[in-house]
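Asker: Pasting a structure below so you can have a look.
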Amino acid sequence: MSCDYGYASRPLNGESGDPGGSAETGMPSSRSVIDEGGLANPTFYRWGSSMQSILSVTAACAFALAACGSSLNGGSLGTGDAVANGGSTGTGGSPLDQCGSSSMDAGGSSAAGAAGGPWVDQTAGTNAADLAWMSVASDATGTHLVAVTTRSAFAPDGNIWTSADAGMTWTNRTAGTEASGQRWVSVASDSIGGHLVAVTGPADTSEGGDLWTSADAGMTWTKRVTVGAVEWPRGLASDATGTRLFVTAGGDVWASTDSGLTWTDQTAGTSVAGKIWGNLTSDATGDHLVVVNGDIWTSWDAGQTWINRTQGTPLSGLGWQEVASDSTGTRLVAVSQNSLPPDGVLCGSYGDIWVSEDSGATWINRTQGTAASGQYWQHVASDAGGANLVAASFGDLWRSADMGLTWTNETVGTPAEGWHWDALASDATGAHLVAVSDGFPVPADVNGAPAVGDIWTRQAP
């Protein structure tokens, strides 16, 4: 959401935010308006050395718009045998320790997927196989998909790919163009798959990134903004029409109301400027936004004012990784990488899945005391209604069909187990899901394993 493949995403902590969680009003007179030339007066930040740290937060944007009608997951619970000791037997599973256990039972499930697994590798054996997939987005039907790969030592050609048949076949849309060979980190789509937006990380000689848009379902791409000397863009989101776009970069939240032609810094000159913002998500209208760092922040006016929803509560500093929204901005779901035990003392590096039914004002831990607690959560998405959810841990994919009350590990014991999942997306109903990976969850510098992966899809029975 600096280019080595550090697979352990770092918690987004260290940002205290606005004292007391009060709303901070943006100052129109101090905002910077830009054209395609670049962001004005950027502030440089270096956020660790892990590309995955950034991707963990940017990938969810593709889902945020799922809620906008462009995608978000869901579906019925899988079946299988429960796993003893509160954890899955897969690579990504983590048995509960005292930090993740609790007397409160949220009703979670540790059931595994069927023998073959409900998830299908759509790119194995094709020219789209074994690439470093970073992000994916879907239209409202799950038919039109867009995904990006990054440039790395194992996969030198970073490109943008599209599918018009729910992921069965893929076309490289940027090969041979200026947009090829980029370090793509995130992509988002409108509700019909026509207007797309994608961002890159820094080039070899700079620390900035670029923002590109397409108005023809990915056939052609135009560079709209050069982020310049700021650190990577992290969060990326679109409304259902592709007209209102949002990106977190250089410590601020930027917005466009003309499909990326011009951009306005929504947080410049306010007390929320200069934050290390992470994943960003939007409702269908672009009015309700949610962003994470060490806390969870919400806005009801397209980013002009913000409220810190978790500061001063036990939820502050839980290592929030991603957040997703339904189509109205009312039902939210977020994943953390730190557990909050019953005694309130933060410990461990594994987390839980939290939901809110009041636009982020209050939050409920849905996985505490279940097999889904204590997982190394990295990504999450929601359908347009906020009931069907999907989340990615360090090696497995979990689903819920009851707004997080119960969770099922659908990949343990299947060919989809053990992959390092970089992004998830879904149609508006949760019937069509897609997940992308950049390899197995073992850093390449540990044993030489290439950081490459495939695209997987899941269709409702």
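The values are calculated or read from the model by the stated rules, or taken from the named source; none is laboratory data. A quick note: this is a predicted structure, and the numbers were derived from the prediction, not measured. Positions of Cβ are generated from backbone atoms using ideal geometry, with glycine treated the same way; all protein chains shown enter the neighbour counts.
Asker: Identify the residue in the stretch 252-267 that is outside any strand (DSSP E or B) and out of contact with any Gly (no Cβ under 8 Å at 6 or more places or on another chain) and, among all such residues, is farthest from W297 (Cα to Cα).
Answerer: L261
Asker: A381 - would you say it is modelled with pLDDT under 95 and not in a loop (DSSP other than H, G, I, E, B)?
Answerer: For A381, the condition - modelled with pLDDT under 95 and not in a loop (DSSP other than H, G, I, E, B) - is met.
Asker: Do you know which of the residues in the stretch 202-223 that are assigned to a strand (DSSP E or B) and crowded, with 20+ Cβ neighbours inside 10 Å is modelled with the lowest pLDDT?
Answerer: Step by step, filter the stretch 202-223, then rank; the result is D210.
Asker: Considering the stretch 124-171 alone, what residues qualify as being acidic (D, E) and under 25 Å from V380 (Cβ atoms)?
Answerer: Result: D139, single match.
Asker: For residues that are small (G, A, S) and modelled with pLDDT under 90, scanning just the stretch 327-350, find the one that is surrounded by the fewest Cβ atoms within 10 Å (Cβ to Cβ).
Answerer: G344
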